[in-house]
Every structure is written in structure tokens, then in C-alpha cells.
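One structure is given here, and the rest of the page talks about it.
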Amino acid sequence: MYTHSIFFLVLLLCCTSLVFSSRDDENTLLKIKKQLGNPYSLRWWVKGFDYCNASENVATEYSYITCTSTGRVKSLVLHNLDVTKPFPDGICGLTELEYTEVSQIPGLYGPIPSCVTKLSNLVLLGIMKTSLSGPVPDFSGHTKPTNLTGINLSGNQLSGTIPPSLFTLPKLDSLDLSSNSLRGTIPPGILPTKNPSLVLANNSLSGELPKSYGSVDFWLIDVGGNRLSGNASFLFGKQKTAVNIVLANNDFEFDLSYVEFSNNIYGFDLSHNKIYGKVPDSFATAAGLYYPNLSFNRLCGELPKGGNMGRFSPKLDPTVGSKVIPLFVKCAQDHIASLWVPSAVVL
């Protein structure tokens, strides 16, 4: 009898804890709704609503919630809400949150609250296409999410510099800070995984790429549309497994003649820089290459023959009117008309 009493007492305490934990998350969701101005699209969020099954009961066009086996909020998606409010810091009260995406809410303004860096269970953080401003969150605290694998803060109005602490997250595999107003140089740290994705395009970043990037085989690196300069040839190499490299619309300046393209590279865009020299023979022999762009640079010399060259069709260069590219341009000339894939192709 005593043993059974202990068992039921433990069971009661367990279930009571579960109810209180779930109730805490319910109150937190209602707080988030209030902070957003009680939008009509979240009208289903009321006291006692079954948020763990919300994906089945409400229109998921605006929100999506999943739960852990104990009824705690595991993922929260807020999308396309018609609100004009600051970012709801109530999200930081969802202490078991692993995945959150807040996207396509142009009326969302103000800074990203620093408390998001203390969500210790966070795996994926996405805040995209809003009017949020201020700095990129700094993850240098002791309670940073050590399981965080992906951060996407693209398409906002974030400013300032890139926090070096981002590169100390031990499992971060994908970082996208594109289409903001970031400035300064790129920190020297590297993402720790084998084939990471780094997208910093369309900001106002300056200086040179960190030399440490020469030891990284990126699945994707996109730093196009900045004010970067210097030599970026170390991103390439015969033995490297980098797949997609985008350096377009910068001030990079190096001799392409000595660059070796590996068989692993699938596409690159080096257009609109100050790259000079000849197109190397490895361009024609890189077996995996399908989407290159070398236009609007200072290349010269004879183009490689055979191999991949049959894949690529010449494209008209507006700088030379309607002329099709010549097969040979003397190296005394500092510009070669553009070659390459149709403009509809996006890397």
C-alpha cells in the first residue's frame, strides 16, 4: 500500500508539473499575441486553445506551432501578419523552443531582443523580411544555444558590424545575413562544420575576405553586392570541395590565370569585379561546372577549348553593343566581352 501511494504521488507531481509547464507556454503565447496587437490572424489563440494541435485546427497561413512530447512549444512560425508592432520579446519565454521563424511581416520594427540568444535549446533561428533594425544579436553570453545550426536574418534593416561571437557557435552550419545594412569587415572566424553556407550578400561590408576562409570548403559562400576588395583566389583550388561561390559586384582584384577550378564546383559568379589575366584551362576541364559567370572584368587572352566549353553559350555584352564575343582578345586589352550562361540562370 505504501509503495502504491509513493507511485501515485510521483505520478501526480509529474502530471501537475506537465500541466503547469504547458500552462506557462499557453500564457506566453497569449502574451506574444497581445504584444502583436491581438491581430485577427491569431484569433484562434485564446485561453484553453489546443496549441499543440494548432496546425490541424487553424489556418497555418499565419502561424504554426508544434510541441514536445511533454506539451511544451517546440517550434513557432509567424508569417505574413498584418501588424505594426515591435518584435514580441515574449518569444523568449518559450524556454523549450528549438525552431522559430518570423518572416514577411514588414510592419515589425525595432531591434531583435537580445534574449533570443539565451534560448538554450534553439536549433534554427529565422527572422526574415521585416523592418527590424539595430544590431545583429551577440551570442557571446554563457547561456548561448550550443545546438544552433542555422541563423537566417536576411531581408531586414539590421546595421552595425557582424558579431564575431556568431563564429563561436559550435554547430552553426548556415548563416544568412544578406540584404541588410551591415558595414565593417568580415570577422576572421569560420563556421565549424565541414561544408558550411555563408551568405552576406547585399550589405556594405568592406575590406578583404579573411584568409582563414582558404581552409573552408563552402557548400555556398555569397558575398556579392558589397564593397569587398583584395585577393579571393584562395577560395578556389584543385582539391577543394567548394560547390557555389558568389563574389559578384565587389572590387576583388586578382589574376585568374593561376586559379584552379576543381571538379566539385558547380557554379560561381565573379562578375563585376577587377579580376584580370586569362581564363585558365581548368575552367574547361572542371567536370561539375555548369553555371559560371566571369563577365565585366579585365580578362584577356584566348579562351580554353574543348571540355565544358560546349555547355556555355555566349551572351551579348551591353558594353560592346550587339557584337558576339571574340574568341581571342589580346592581353594588352584590359577588358574581355562577356561570355556565359543565359541571364535567367540564378546561382
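The values are calculated or read from the model by the stated rules, or taken from the named source; none is laboratory data. These numbers come from a predicted model, not from an experiment. In this analysis, Cβ positions are derived from the backbone assuming ideal geometry, glycine residues included, and neighbour counts consider all displayed protein chains.
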Taking Gln239 and the conditions (1) in a loop (DSSP other than H, G, I, E, B); (2) surrounded by fewer than 19 Cβ atoms within 10 Å (Cβ to Cβ); (3) in contact with a helix residue (DSSP H, G or I) (Cβ under 8 Å, 6 or more places away or on another chain), which numbered condition does it fall short on, given that it satisfies the others? (3)
Hey, Phe218 outside any loop (DSSP other than H, G, I, E, B) and either of a type outside the set (S, T, N, Q) or touching a residue at least 12 places away in the same chain (Cβ under 8 Å) (or both) or not: no
Mind checking whether some residue in segment 183-194 is outside any loop (DSSP other than H, G, I, E, B) and under 19 Å from Gly230 (Cα atoms)? yes
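Taking the condition in a loop (DSSP other than H, G, I, E, B) and at pLDDT below 90, does Lys305 pass? Reasoning before the result, please.
Values: in a loop (DSSP other than H, G, I, E, B): yes; at pLDDT below 90: yes.
So Lys305 passes the test.
Does Pro292 satisfy being assigned by TED's automatic domain parsing to the domain that holds Leu209, at pLDDT below 95 and not in a loop (DSSP other than H, G, I, E, B)? Before you say what the answer is, go through the steps one by one.
Working: assigned by TED's automatic domain parsing to the domain that holds Leu209: yes; at pLDDT below 95: yes; not in a loop (DSSP other than H, G, I, E, B): yes.
Judged against the criteria, Pro292 is a match.
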If I filter segment 201-228 down to residues being within 21 Å of Leu132 (Cα to Cα) and touching a Gly at 6+ places or on another chain (Cβ under 9 Å), which single residue comes out as surrounded by the fewest Cβ atoms within 10 Å (Cβ to Cβ)? Ser204
Any residue in segment 112-132 that's within 13 Å of Ile91 (Cα to Cα): show its pairings with residues that are aromatic (Phe, Trp, Tyr) and surrounded by fewer than 19 Cβ atoms within 10 Å (Cβ to Cβ) at Cβ separation under 8 Å, as long as the two are six or more apart or on different chains. Leu122/Tyr99
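Are there strands (runs of 3 or more DSSP E) fully within segment 61-134 with at least 1 residues that are over 22 Å from the mean Cα position of the chain (by Cα) and crowded, with 21+ Cβ neighbours inside 10 Å? List them. Give the derivation first.
Numbers: elements: 63-67, 73-79, 99-110, 124-134.
Hits in segment 61-134: 63-67, 73-79.
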Quick check on my filter: what residues within segment 142-167 are surrounded by fewer than 15 Cβ atoms within 10 Å (Cβ to Cβ) and either part of a helix (DSSP H, G or I) or of a type in the set (A, V, I, L, M) (or both)? Pro164
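Given the residues Lys330, Lys278, which is the only one that is modelled with pLDDT of 80 or more and in contact with a Cys (Cβ under 7 Å, 6 or more places away or on another chain)?
Values: Lys330 fails: modelled with pLDDT of 80 or more.
Exactly one of Lys330, Lys278 is modelled with pLDDT of 80 or more and in contact with a Cys (Cβ under 7 Å, 6 or more places away or on another chain), namely Lys278.
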